[in-house]
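Trainee: One structure is given below, represented as structure tokens, and several questions about it will come after.
Read-outs: derived from the displayed coordinates by stated rules, not from any lab. Every value quoted in this text rests on a predicted model; they were computed, and no experiment measured them. Methodologically, a virtual Cβ is constructed for each residue, glycine included, from the backbone with ideal geometry; neighbour enumeration extends over all protein chains shown.
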Amino acid sequence: MTNIELNLALYRKLYLIRKSEELICQHYFDDEMKTPMHMSMGGEAISVGVCHALTDDDQVYGTYRSHALYLAKTNDTDSFFAEIYGKSSSLQKGKSGSMHLAAPDYGMMGSSAVVATHIPVGVGSAYAMQYKEEDNIVVVFFGDGSIDAGVFWESLNVACLFQLPMIFVCEDNNLAVHTSKDDRQGYDSICNIVSQFKCDVSESSSTDVEYIFEIVSKAITQAREKKRPHFMRLEYYRYLEHVGISEDFDAGYRPKEEFEKWFQVDPILLQRKKMLNLGIAESDLETIEHQIDVRSETSLIRAKEADFCNQDELYKDIFEK
């Protein structure tokens, strides 16, 4: 794959995610969507950069803010919008909503609405891969708020103790809902602490999706070859409120100047500019964007027109002791 082909593929994924979430914002107040929304805007480059470096058989686990992760791993807008609208045409029949998206056939094993609860599940999956001598890896995504949970440290410890083939990706936006790290954490650097464990550690504040792809590719190679965990702290800025589709700069816990600074390196705009600098014509980019616009809008219309499940579906796929 040439550099232009790689960057075009990355841009397609970035634009698809942004367009899909813009459609959610556009239709949210129609009051037809059946789930709370934790939007990914601002952090798309992390999910795209990581997932583009993975194979189809590698597994990912995510948090409730999982739109970008789901679309980056599956590229499936039909099931995505169907689940958002709670319809029978989604992979999960409308029973999971935005916070519990999953598509195991794509390696998107699930996302959890309860902070940090998916991290030990990912450790268990990595242990299973090690036990079965498989060559795949597990990537667990979580926010910096998860670091405050004891289960994160227990999971990291077990992964390092057993030398499991997995990557811990901390999507660090400096906030646990509305509380900054300075008000939560009695240390300066999570990477300095994690480096005392038997794992590799890296960090970046870049919003350049190609750069994230490159550093993650190296981390994945290390994890596969060395059979050793890797912890990554990747910084980004959450554009919208914790839950919902609105800006919240008037709430007083973060200034709009922060957003304006980060938006200057918006991952979608940054990648689009790179495409033009690589010699892609503006008209060609507009054609690509139009194709994605039509695809996303068509998926949303299909979801709105699809049927809800009947009551019998409520009792299917439910774990019972």
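Trainee: For a quick check of your reading of the filter: which GluC sites (Glu not before Pro) in the stretch 109-192 sit in a DSSP loop and have no more than 16 other Cβ atoms within 10 Å? List each step's numbers first, then the result.
Mentor: On the way: sites: GLU133, GLU134, GLU154, GLU171; in loops: GLU133, GLU134.
Qualifying residues, ordered by number: GLU133, GLU134.
Trainee: Moving on. Taking the DSSP beta bridges in the chain as the whole, what percent of them are antiparallel, to the nearest 5? Write out the running numbers ahead of the final one.
Mentor: Numbers: 3 of 28 bridges.
Rounded to the nearest five, the antiparallel share is 10 percent.
Trainee: Counting alpha carbon pairs within less than 8 Å and at least 6 residues apart, what relative contact order, in whole percent, applies to the stretch 3-304?
Mentor: Computed over the stretch 3-304, the figure is 24 percent.
Trainee: Provide the gained length on full extension for the span LEU276 to TYR315, in nm with one decimal, where the gain is 0.36 nm per separating residue minus the Cα-Cα distance. It would help to have the intermediate numbers written out before the result.
Mentor: Details: separation 39, 0.36 × 39 = 14.04 nm, distance 5.17 nm.
Here the segment from LEU276 to TYR315 would lengthen by 8.9 nm.
Trainee: Further, regarding this structure: Can you give me the Cα centroid spacing of the stretch 154-173 and the stretch 295-309 in angstrom?
Mentor: 38
Trainee: Could I ask something else about it? Please turn the phi angles of the stretch 244-251 into ³J(HN,Hα) values with the Karplus equation 6.51 cos²θ - 1.76 cosθ + 1.60 (θ = phi - 60°), one per residue in order, whole Hz, x for glycine and proline.
Mentor: Using θ = phi - 60°, the values come out as x, 10, 10, 6, 9, 5, 7, 6 Hz.
Trainee: I would also like to ask the following. Run through the stretch 85-189 and list the trypsin sites (Lys or Arg not before Pro) located in a DSSP loop whose Cβ has at most 11 other Cβ atoms within 10 Å.
Mentor: Working: sites: LYS87, LYS93, LYS95, LYS132, LYS181, ARG184; in loops: LYS87, LYS93, LYS95, LYS132, ARG184.
Sparse-neighbourhood loop trypsin sites (Lys or Arg not before Pro): LYS132.
Trainee: Please enumerate, by chain and number, the lysines with C-alpha under 16 Å from the C-alpha of LYS273, excluding those fewer than 8 residues away in the same chain.
Mentor: By straight Cα distance, LYS273 reaches LYS13.
Trainee: Let me ask something additional. Compute the semi-axes of the equivalent ellipsoid of the stretch 214-321, taking the square root of 5 times each eigenvalue of the Cα gyration tensor, and list them largest first in whole Å.
Mentor: Values: eigenvalues 209, 144, 111 Å².
Each semi-axis is √(5λ); the values are 32, 27, 24 Å.
Trainee: Apply the Debye scattering formula to the stretch 263-321, with a single equal point scatterer on each alpha-carbon and no solvent, then give log10 I(q)/I(0) at q = 0.17, 0.25, 0.28 Å⁻¹.
Mentor: So the normalised log intensities are -0.74, -1.04, -1.08.
Trainee: If every alpha-carbon in the stretch 84-155 counts as one equal scatterer, what log10 I(q)/I(0) does Debye give at q = 0.18, 0.25 1/Å?
Mentor: -0.80, -1.11
Trainee: So, one more: Exactly which chymotrypsin sites (Phe, Trp or Tyr not before Pro) in the stretch 131-221 are in a DSSP loop and have at most 14 other Cβ atoms within 10 Å? Walk me through the numbers before you get to the answer.
Mentor: Details: sites: TYR131, PHE141, PHE142, PHE152, TRP153, PHE162, PHE168, TYR187, PHE197, TYR211, PHE213; in loops: TYR187, PHE197.
Passing both the DSSP loop test and the Cβ count: TYR187.
Trainee: Treating cross-link reach as a plain straight distance, find the aspartates and glutamates whose alpha-carbon is under 17 Å from the alpha-carbon of LYS227, omitting any fewer than eight places away in the same chain.
Mentor: ASP57, ASP58, GLU133, GLU134, ASP135, ASP200
Trainee: Quick one: Kirkwood hydrodynamic radius for the stretch 1-139, alpha-carbon pairs, angstrom, one decimal?
Mentor: Values: mean 1/r = 0.0644 Å⁻¹.
Hydrodynamic radius (Kirkwood, Cα only) of the stretch 1-139 equals 15.5 Å.
Trainee: Take the alpha-carbon positions of the stretch 99-220, form their convex hull, and give its projected area averaged over all directions (one quarter of the hull surface) in nm².
Mentor: Answer in nm², one decimal: 8.2.
Trainee: Put one equal scatterer on each alpha carbon of the stretch 1-68, apply the Debye formula with no solvent term, and list log10 I(q)/I(0) at q = 0.29 1/Å to two decimals.
Mentor: -1.32
Trainee: Okay, moving on. For the stretch 162-212, restrict the atom set to alpha-carbon positions and state the Rg and Dmax in Å.
Mentor: Using the Cα atoms of the stretch 162-212, the pair Rg, Dmax is 13.2, 35 Å.
Trainee: Per residue of the chain, what 222 nm ellipticity follows from adding -39500 (n - 2.57) for every DSSP H run with n ≥ 4, rounded to the nearest 500? Intermediate values should be presented prior to the final figure.
Mentor: Numbers: 11 runs with 142 residues, N = 321.
-14000 deg cm²/dmol, from helical runs alone.
Trainee: Right, another one. Out of every Cα pair in the stretch 117-175, what percent are spaced more than 17 Å from each other?
Mentor: On the way: 579 of 1711 pairs.
Distances greater than 17 Å cover 34 percent of the Cα pairs.
Trainee: Would you mind getting me the FRET efficiency between ASP293 and ASP183? Use the beta-carbon distance for r and R0 = 41 Å, nearest 0.05. Before the final figure, lay out the partial values.
Mentor: Values: r = 41 Å, r/R0 = 1.00.
Step by step, r from the Cβ atoms, then E = 0.50.
Trainee: Which one is right for this structure if volume of the Cα convex hull per residue in Å³ is calculated from it: [x] 123; [y] 143; [z] 157?
Mentor: It is the value labelled [y].
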